[in-house]
Every structure is written in structure tokens, then in C-alpha cells.
Amino acid sequence: MANLRAEFWQLPLEELNRDEWEALCDGCAKCCLHRLEDADTREIYFTNVHCRLLDVPSGQCTDYWNRSVKVPDCVTLTMENLDDPYWLPSTCAYRLLAEGKPLPQWHPLISGDTETVFQSGNSISGRTVCEDDADELSHHIITWLK
């Protein structure tokens, strides 16, 4: 990712190039968790069940560029689906910036260190189960993620 401008995350999202857009991801993998939504209230209930393509220790997708083909309900973030990002974790850089909020101090773009995601407890590593091993999602609702 060589095409990154200094402090690009302070620019409007629509002005980011592809490399900058991708670099916003902190690798927490919270977006790789299955979630349930109350249709009436739009409240999101996160589960501790992660996608089968997730490499949990790294927080990276094992087939990132083909993920939407292999996992049809995997959401590719775009400016359009960030119009109302209520469904993303509250710490997600894309959601924060779409809502006009700053990145947290533990975000690698601020800290300069990818380990701060893990050190701050913002990674899902060690707290989830693969969807291949999970039963009914409603049995896996968690409260440690908002």
C-alpha cells in the first residue's frame, strides 16, 4: 500500500483512493462476526461466531478479493452503505469517519503499531468460534461488543 497520503483519514471518505480506503481497516475482525438485527428497532446483536474465511490470529480474510463470491452475505463497504452505518461495530474506522468522529488512539493509523488493536482488547482473537462449529446464532449473542 504505497499510495497513502499523510493523515489521509482526516479527509472526507469520498476523497480517499483505494489504498487509503483499505488502510482504514484496523484488523479487529469485528465485521467478520455474524450478527442478528431486530427488524422493528434495528438493534444489532453481535455474536461470537466468525466467518469461515477469517484467519483469527491475524484478523484478516483468507480470500479477501473473492470473499463476496464465496460468502454471498459478506458486505463490501462502500460510500453508499456507509450512509447509515448503524450495523457496523461502534469502533469501526469506516463507521467512525462516516459519522464525523476521530479514530481511536489504539487504531494503527494513529498509534503506528498494528499490535495496539490486540493490546487494547479490540480484536476478536481468542473470543470467537468459526461458523462451521457453531449452532443456532441466537445461542451465541455477546455483550462485550457494541
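Using a 1.4 angstrom probe, figure out how much accessible area the chain has per residue, in square angstrom, rounded to the nearest whole.
58 Å²
Among the trypsin sites (Lys or Arg not before Pro) in the stretch 27-113, which ones are in a DSSP loop with at most 15 other Cβ atoms within 10 Å of the Cβ? Mind listing them?
Sites meeting the loop and neighbour criteria: 42, 52.
Given a cut-off of under 8 Å on Cα pairs at least six residues apart, what relative contact order in percent is computed for the chain?
30 percent
Taking the Cα-to-Cβ direction at residue 146 and at residue 15 and moving 7 Å from each Cα, how far apart do the two end points lie in nm?
Spacing of the two 7 Å Cα→Cβ label points: 3.1 nm.
Please check the chain for the longest run free of chymotrypsin sites (Phe, Trp or Tyr not before Pro) that are loop-located per DSSP (anything but H, G, I, E, B) and have at most 13 other Cβ atoms within 10 Å.
Here the longest segment lacking exposed loop sites spans 1-85.
Using Cα positions and a limit of under 30 Å, work out the lysines in reach of residue 70, with same-chain residues fewer than 8 apart set aside.
30, 146
For the chain, what does the convex hull of the Cα positions come to per residue, in cubic angstrom?
124 Å³
Return the calculated 222 nm mean residue ellipticity for the chain, to the nearest 500 deg cm²/dmol, obtained by summing -39500 (n - 2.57) across DSSP H runs with n ≥ 4 and dividing by the residue count.
-3000 deg cm²/dmol
The values are calculated or read from the model by the stated rules, or taken from the named source; none is laboratory data. The model shown is predicted, which means the values in this text are computed figures rather than measured ones. Positions of Cβ are generated from backbone atoms using ideal geometry, with glycine treated the same way; all protein chains shown enter the neighbour counts. In case anyone asks, the SASA skips ligands and DNA or RNA and just uses the protein heavy atoms, side chains included. Shrake-Rupley method; radii C 1.70, N 1.55, O 1.52, S 1.80 Å.
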